[in-house]
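Take a look at the structure set out below.
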Amino acid sequence: MQYPDLDTPISPLRQRLIDDMNMRRFSRETQRNYLRDIGRLASFLGRSPDTATADDLRRFQIEQQNDGVPVPTMNSIVSA
């Protein structure tokens, strides 16, 4: 996992996610994967992932399925 430059600002949402994952003792690999998956959702939405609606999440899952993402990977993305 690459760490951001200390001078690079981190959004409050990203920092909260990182803090929560550290508190829950997620491995570095799990943290990297979750951050990647949340980034995919943010790219899909074109906005912050904390604004996603249930319908947005459903559309995202359908797109992932249509793109051929395997079920275990989709489950991991949903967990993130």
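Each value in this text was obtained by applying a stated rule to the coordinates, not by laboratory testing. Predicted model only: the values in this text are computed from it and were never measured. A quick note on method: Cβ atoms are made from the backbone with ideal geometry, for glycine too, and the neighbour counts reach across all protein chains shown.
List the pairs whose first member sits in the range 33-50 and is over 14 Å from M74 (Cα atoms), whose second member is buried (at least 18 other Cβ atoms within 10 Å of the Cβ) and of a type in the set (F, W, Y), and whose Cβ atoms are under 9 Å apart, counting only residues at least 6 apart or on separate chains?
F44/F60; L45/F60
Limited to the range 15-42, what total is found for residues that are more than 10 Å from the chain's Cα centre (by Cα) and of a type outside the set (K, R)?
11
In the range 53-74, what residues are surrounded by 10 or more Cβ atoms within 10 Å (Cβ to Cβ) and of a type outside the set (K, R)?
Scanning the range 53-74 gives D56, L57, F60, Q61, I62, E63, Q64, Q65, V69, P70, T73, M74.
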